[in-house]
Each structure stands twice: as C-alpha cells, then as structure tokens.
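One structure below.
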Amino acid sequence: MLLVKAAPNERLVLFEYIKTKEKVNILDSLKGFKGYLQVDGNVSYEDKGKETAVTLIHCLVHSRRKFTEALEYDKKKIRLCARGN
C-alpha cells in the first residue's frame, strides 16, 4: 500500500510504502497527522477520523461510477440531474 501525505502550502508530498493495510500500520504511519485526510473505504481510518484535529474526506470514485452507470441507463434523465434542472 502506498500512503501519500501532502502539504501543498509547503510544496511537500511524501510517499510512504506500507507493507499491508492493517489498521496498526496505517495508524502508526499517520501518528501526529492533523488536517484533512482523504481515504478510500477502508475502515482502518475510522479511528483516525475520530480525532478532533482530523477531518476524513472520502474518495468520490464510487459515486462517479454510479453516475456513469446511470448515464448508460437513462441518458436524458441523468443529464437533467447533472445540470441541476
């Protein structure tokens, strides 16, 4: 698993290889982290998200896939929804 940490204001991106997605490894790697944490659906991040200085933001890939499926189902209706009309 590759964990990416970024601090855009400091022009810093750190890539860290973690051998497994086990909760203990993820939490150990994120020790001391504060800020917004974008994650996939892995439940291992839930404890980190309970910290007051951490805000979990989830990946939107799954929602995008559902819009793609809906487009294939009914192009006219999904276009109306996508435009907000």
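The values are calculated or read from the model by the stated rules, or taken from the named source; none is laboratory data. Only a predicted model underlies this, so the values are computations on that prediction, with no experimental measurement involved. For neighbour counting, all protein chains shown are included, and Cβ atoms are generated from backbone atoms with ideal geometry for every residue, glycine included.
Annotations for the structure displayed:
- Set Lys77, Lys48: member being without any contact (Cβ under 8 Å) to a residue 12 or more places away in the chain, among the basic types (Lys, Arg) and part of a helix (DSSP H, G or I): Lys77
- Hey, Thr55 outside any loop (DSSP other than H, G, I, E, B) and in contact with a Phe, Trp or Tyr (Cβ under 7 Å, 6 or more places away or on another chain) or not: yes
- Consider segment 33-61 and keep the residues that are of a type in the set (Val, Ile, Thr) and either closer than 16 Å to Lys21 by Cβ or modelled with pLDDT of 85 or more (or both). The one that is nearest to the chain's Cα centre (by Cα) is Val39.
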